[in-house]
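A short worksheet on the structure shown next.
The values are calculated or read from the model by the stated rules, or taken from the named source; none is laboratory data. Being a predicted model, the structure only gives us computed values, none of them experimental. Here Cβ is always computed from backbone atoms with ideal geometry, including for glycine, and neighbour counts include all displayed protein chains. Each accessible area value is taken on the protein alone, full model and side chains, heavy atoms only, with ligands, DNA and RNA left out. Shrake-Rupley method; radii C 1.70, N 1.55, O 1.52, S 1.80 Å.
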Amino acid sequence: MNICMQISEAVQKGKKDVNVLVQQALDEGLSPKTILDEGLLAAMDIIGEKFKNNEIYVPEMLIAARAMGIGTAVLKPHLTEAGVGSIGKVALGTVKGDLHDIGKNLVRMMLEGKGIEVVDLGVDVSAERFIEAYENEGVGIIACSALLTTTMGEMKRVVDLLVEKGYRDKVKVMVGGAPITDSYCKSIGADYYTADAASAADVAKKVLLGA
């Protein structure tokens, strides 16, 4: 088994010593991009598919994402040196009035697992803060999460404020969370709804790559 496959296996199993394997791959002369694509990101692709197919659940995803983070920490300075950037940027947050963050955190991990830079705004995020993230961070997607029916309306405020500021055609809006549906997404003028974190990451990648 080559070193990239070993890295992928280690991430999938949530092994904390993935950093040792990443360093070994660097020492063997593999390019940081190869290690990222064929080791770390390949692992998260597999994890995402298994999650979508109900072969694994949230705990396994969290363990794998943590292992990927350990591996990425070793790789990051080398990626910067090699000029390997992210494929794009997403502003992510749970909307105003809602303090739930498990779903949001899962989405963040899966986005990062696709090579996407995430501006994590946290929870209880106002429409204005989402817009500021677009203005200041140059994100291509604003992703809003809500777990309460009482806070769903905040998603519409985000879309409305984008329209008001003249930004609506410059940034895509993704929505998700337990009470959200595709028809609700369409009714408020958002662009994309996905039912789970892995699907959200797949869609975001396609959007950012212009596919």
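Filtering the stretch 197-211 to residues that are assigned to a loop (DSSP other than H, G, I, E, B) and either among the hydrophobic types (A, V, I, L, M, F, W, C) or closer than 21 Å to V125 by Cβ (or both) leaves L209, A211. When the stretch 152-176 is filtered for residues that are over 21 Å from K89 (Cβ atoms) and buried (at least 16 other Cβ atoms within 10 Å of the Cβ), the ones remaining, listed by number, are M152, E154, K156, R157. Restricting the first member to the stretch 195-211 and to residues that are in contact (Cβ under 8 Å) with a residue 24 or more places away in the chain, and the second to residues that are of a type in the set (F, W, Y) and open to solvent by less than 40 Å² (accessible area, probe 1.4 Å), the beta-carbon pairs closer than 6 Å and six or more apart or on different chains are A198/F51. Of all the listed residues (S126, S145), the sole one being hydroxyl-bearing (S, T, Y), crowded, with 17+ Cβ neighbours inside 10 Å and more than 19 Å from S187 (Cβ to Cβ) is S126. Do we find a residue being touching a residue at least 24 places away in the same chain (Cβ under 8 Å) and in a helix (DSSP H, G or I) anywhere in the stretch 113-125? Among the residues of the stretch 113-125, not one is touching a residue at least 24 places away in the same chain (Cβ under 8 Å) and in a helix (DSSP H, G or I), which makes the answer no.
Residue by residue through the stretch 87-104, note down the ones that are crowded, with 19+ Cβ neighbours inside 10 Å and not charged (D, E, K, R). Within the stretch 87-104, G88, V90, A91, L92, G93, T94, V95, G103 meet the criteria. Annotation for the stretch 67-86: no member residue is open to solvent by 40 Å² or more (accessible area, probe 1.4 Å), more than 30 Å from P32 (Cβ to Cβ) and among the small types (G, A, S).
A single entry from G48, G39, G69, G85 fulfils the requirement of being among the small types (G, A, S) and over 29 Å from V171 (Cα atoms): G39.
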